[in-house]
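Enquirer: One structure follows; several queries about it will come next.
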Amino acid sequence: MTPVLWVEQTLNGVQLGVMLFLMSAGLTLVFGIMNLINLAHGSLYMAGAFFAATFTLWTGNFFLALLLALAASALLGVVMEYSVLRRFYGRSHLDQVLVTFGLILVVNDVTRLIWGVVPVPFGIPTFLSGSVFVMPGLPYPIFRLAVLAVGLLVALGLFLIVAHTRVGMWIRAGASDRVMAGALGVDVPLIFSIVFAAGAALAGLAGLMAGPITAVQVGMGEPVLILALVVIVVGGIGSIRGAFIAALLIGVADTFGRVLLPPALGSMVIFILMAAILAWRPRGLFSAHG
Amino acid sequence: MDKFVRSWLAELKSYAAIFALVAVLACVPIVAQLLDNPFLIRLLTRAVLLGMAAVGLNFILGFGGLLSLMHASLFGIGAYVVAILAWHDFNMEPVLGFSGTSNVLIALPVALLCVGLAAMTTGVIALRTMGAYFIMITLAFNQMLYYFSISLQTYGGGDGLQILSTLTFNHFVITSRAQFYWLCVAVLGTVLIVMHKIIKSRFGMILQACAQNERRVKALGFAPLPYKLVAFVISGLIAGLAGALWAVGQGFVSPADLSWMRSADLVVIAVLGGTGRVYGPVLGAIVFVVLESVLSGLTPYWQLPLGLIVIGIVVFLKGGLADLFVGRRHA
């Protein structure tokens, strides 16, 4: 491999990593605080992409469309939580898996009903299209660089909120021991609703940024959902720091695995990595539950 | 002596539901003949094989308390091994030094061996963890095997693999859909009886105890892991057996058979039929397959009502359909 290829693949890997982090952040906190397995998190990712594509078409303003799409994703998350998931906090994981699987089927078909089966076109504005030379001999798409920057900024912001604010402290307390946090006066249900809505918006953000790179179509959320599950299992459930490190690890490993190894092995690298890490630490790298 | 006969009769009675179910299933080809509706046999073959896979899944789900989302991949391994061996036989290319085979009686044990090895390796890692971790890890393993099946370019990659040679059972060739269906029902019946026996055995008792309270099981001096691992492998083998028969019946395998959505379907089937009984998933599979066929005939958006039904089941029907037929087990 040439140095140019190394730099390019590293950028790709980190970019996939921050995208996975946006997906995993909400998922790991939702799981950490309410012990809820939400397979429908991938639907929020998909919804983000569809909303952004449609709002761009309607408003003609890219940034306005982004804001609207984020709000719409958060709203969808709130509706999902309030109407269905709220009833399932105390239920078994089996019930949670079934009900969120049911939600996936419903959301997928409703999306198909509204937008049709053909991928929805989602153009990027002209100032973000084209590429720049990040080093001699390596042109890199501006949009991908923007995704990278937004992802890292959001990750930094999230880290500051979770690690250095009062709300963040409540969130961490809820994730490590919900009952104890509640006994100490933290309004856990309220915190949880906020976390769920924020997690939905982050998943929507990941989706709308992935939209122009991949394709905006039904079922785009599920492969990412499973990668995000790998991330939170490797990082340790309930830990934002674990999710960030694991997301970068998985993103880079997946990208390089596909370039360096034969295809049969390359597609399996991250799962083998997961198995190895779990064989070593069954509760992930940084579990929030002691 | 009288006591012996009575206990024997009592045991026979505990099989009554299984015998009745198999007898009803065995009559389907005759009904299909009378109604002049051969589609019924295809539909029920699908139900019997999906049901068999779900019975395997339910062995660890309903009795071991372990929710696995990788059973579609084990099902798929069984199917792929049969198809790959037939491919090598058809193309006269040796595989790992052996010639391929279209003899199902040889391919089946090989398929089960592969499924068993896959279940054992993944099981050792997955079972070290608990609860939600187990669910997510099995889901990840399912996806890993799914991508692996797509990467098999020689064997059709994402398009799947058609079985071009004629599959035989030694020298016997299955000629009609009904014959194959009866074979599947017979295998299903055997699986149900064996499962029933295992669950009533000492091994089955310990497995169920692990699901209820692992700490107490340890306190009684049993190590839970070996029991759970053996149960996981048995459960995978049954799914793999269903998959191998699936390949024989369809003459075609594809990565879609390994998708994680299919794994979730199997969980839905098991819960729909009732996880508390060995034969519950078979009832679930029949309802699921009929539902799928009716809904997809009505509308291309059939997953929407299916999803709503799944949500409805979780909210309202806790013991599955078996409860509707036989009444609650834990009164």
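The values are calculated or read from the model by the stated rules, or taken from the named source; none is laboratory data. Not measured: the values here are computed from a predicted model. Neighbour counts are summed over all protein chains in view; Cβ atoms, including those assigned to glycine, are modelled from backbone coordinates with ideal geometry. These area figures cover heavy atoms from the full protein model, side chains too; ligands, DNA and RNA do not enter into them. Shrake-Rupley method; radii C 1.70, N 1.55, O 1.52, S 1.80 Å.
Enquirer: Residues of the stretch A:119-148 being more than 27 Å from A:ASN108 (Cα to Cα), of a type in the set (Val, Ile, Thr) and touching a strand residue (DSSP E or B) at 6+ places or on another chain (Cβ under 9 Å), which ones?
Expert: A:VAL132, A:VAL134, A:ILE142
Enquirer: Still on this structure, I have one more. Of the conditions (1) within 22 Å of the chain's Cα centre (by Cα); (2) touching a residue at least 60 places away in the same chain (Cβ under 8 Å); (3) within 14 Å of chain A (Cβ to nearest Cβ), B:PHE148 satisfies every one except a single condition; which number is it?
Expert: (2)
Enquirer: Return only the number of the condition from (1) within 14 Å of chain B (Cβ to nearest Cβ); (2) aliphatic (A, V, I, L, M); (3) under 24 Å from B:GLY131 (Cα atoms) that A:VAL195 does not satisfy.
Expert: Every listed condition holds for A:VAL195 apart from (1).
Enquirer: Okay, moving on. Give just the number: which of (1) open to solvent by less than 60 Å² (accessible area, probe 1.4 Å); (2) of a type outside the set (Phe, Trp, Tyr); (3) closer than 25 Å to A:PHE55 by Cβ does A:THR126 not satisfy?
Expert: Only one criterion is unmet by A:THR126, namely (1).
Enquirer: If you don't mind, there's one more thing I want to ask. Looking at the stretch A:101-128, I want the residues that are more than 14 Å from every other protein chain (Cβ to nearest Cβ) and in contact (Cβ under 8 Å) with a residue 12 or more places away in the chain and have a partner that is assigned to a helix (DSSP H, G or I) and not aliphatic (A, V, I, L, M) with Cβ atoms under 7 Å, at least 6 apart or on another chain. Which pairs are those?
Expert: Sorted first by the residue in the stretch A:101-128, then by its partner, the pairs are A:VAL120/A:PHE50; A:PHE122/A:THR56; A:ILE124/A:PHE143; A:PRO125/A:PHE62; A:LEU128/A:PHE143.
Enquirer: Is it the case that A:PHE63 is assigned to a helix (DSSP H, G or I), open to solvent by 20 Å² or more (accessible area, probe 1.4 Å) and away from chain B (no Cβ under 14 Å)?
Expert: Details: assigned to a helix (DSSP H, G or I): yes; open to solvent by 20 Å² or more (accessible area, probe 1.4 Å): yes; away from chain B (no Cβ under 14 Å): yes.
Criteria met by A:PHE63.
Enquirer: Next question. Pull up the stretch A:28-38, narrow it to residues that are open to solvent by less than 10 Å² (accessible area, probe 1.4 Å) and either part of a helix (DSSP H, G or I) or modelled with pLDDT of 90 or more (or both), then point me to the one that is nearest to A:MET80 (Cα to Cα). Please lay out each step first, then the result.
Expert: We begin by selecting, within the stretch A:28-38, every residue open to solvent by less than 10 Å² (accessible area, probe 1.4 Å); these are A:28, A:30, A:32-33, A:36-38.
Keeping just the survivors that are either part of a helix (DSSP H, G or I) or modelled with pLDDT of 90 or more (or both) gives A:28, A:30, A:32-33.
Values: A:THR28: 17, A:VAL30: 13, A:GLY32: 18, A:ILE33: 17 Å.
Residue satisfying both the conditions and the ranking: A:VAL30.
Enquirer: Against the conditions (1) in contact (Cβ under 8 Å) with a residue 12 or more places away in the chain; (2) assigned to a helix (DSSP H, G or I); (3) within 26 Å of B:ARG262 (Cβ to Cβ), where does B:LEU105 fall short? Just the number, please.
Expert: All conditions pass for B:LEU105, except number (3).
Enquirer: Can you tell me which residues in the stretch B:199-213 are open to solvent by 30 Å² or more (accessible area, probe 1.4 Å) and within 12 Å of B:TYR227 (Cα to Cα)?
Expert: Here is the first cut: in the stretch B:199-213, the residues open to solvent by 30 Å² or more (accessible area, probe 1.4 Å) are B:200-203, B:205, B:208-209, B:211-213.
Hits for the stretch B:199-213 are B:ARG202, B:PHE203, B:MET205, B:GLN208, B:ALA209, B:ALA211.
Enquirer: Taking the conditions exactly as written (out of contact with any Gly (no Cβ under 9 Å at 6 or more places or on another chain), among the small types (Gly, Ala, Ser), away from every other protein chain (no Cβ under 11 Å) and in a helix (DSSP H, G or I)), does A:ALA47 satisfy them or not? I'd like the intermediate steps shown before the answer.
Expert: On the way: out of contact with any Gly (no Cβ under 9 Å at 6 or more places or on another chain): no; among the small types (Gly, Ala, Ser): yes; away from every other protein chain (no Cβ under 11 Å): yes; in a helix (DSSP H, G or I): yes.
Here the answer is no, as A:ALA47 does not meet what is asked.
Enquirer: Residue by residue through the stretch B:156-196, note down the ones that are in contact with a strand residue (DSSP E or B) (Cβ under 9 Å, 6 or more places away or on another chain), hydroxyl-bearing (Ser, Thr, Tyr) and buried (at least 17 other Cβ atoms within 10 Å of the Cβ).
Expert: Correct list: empty.
Enquirer: Taking A:ARG87 and the conditions (1) open to solvent by 40 Å² or more (accessible area, probe 1.4 Å); (2) within 11 Å of chain B (Cβ to nearest Cβ); (3) not in a helix (DSSP H, G or I), which numbered condition does it fall short on, given that it satisfies the others?
Expert: (3)
Enquirer: Out of the stretch B:245-280, which residues are within 12 Å of another protein chain (Cβ to nearest Cβ), in a helix (DSSP H, G or I) and over 24 Å from B:ARG177 (Cβ atoms)?
Expert: B:PRO255, B:TRP260, B:MET261, B:SER263, B:ALA264, B:VAL267, B:VAL268, B:ALA270, B:VAL271, B:LEU272
Enquirer: So B:MET130 fits all but one of (1) of a type in the set (A, V, I, L, M, F, W, C); (2) more than 9 Å from chain A (Cβ to nearest Cβ); (3) open to solvent by 60 Å² or more (accessible area, probe 1.4 Å); what number is the exception?
Expert: Of the numbered conditions (1) of a type in the set (A, V, I, L, M, F, W, C); (2) more than 9 Å from chain A (Cβ to nearest Cβ); (3) open to solvent by 60 Å² or more (accessible area, probe 1.4 Å), the odd one out for B:MET130 is (2).
Enquirer: So which of B:LEU283, B:LEU241 ends up being part of a helix (DSSP H, G or I), closer than 23 Å to B:LEU40 by Cα, of a type in the set (A, V, I, L, M, F, W, C) and out of contact with any Phe, Trp or Tyr (no Cβ under 8 Å at 6 or more places or on another chain)?
Expert: Of the residues listed, the single one that is part of a helix (DSSP H, G or I), closer than 23 Å to B:LEU40 by Cα, of a type in the set (A, V, I, L, M, F, W, C) and out of contact with any Phe, Trp or Tyr (no Cβ under 8 Å at 6 or more places or on another chain) is B:LEU241.
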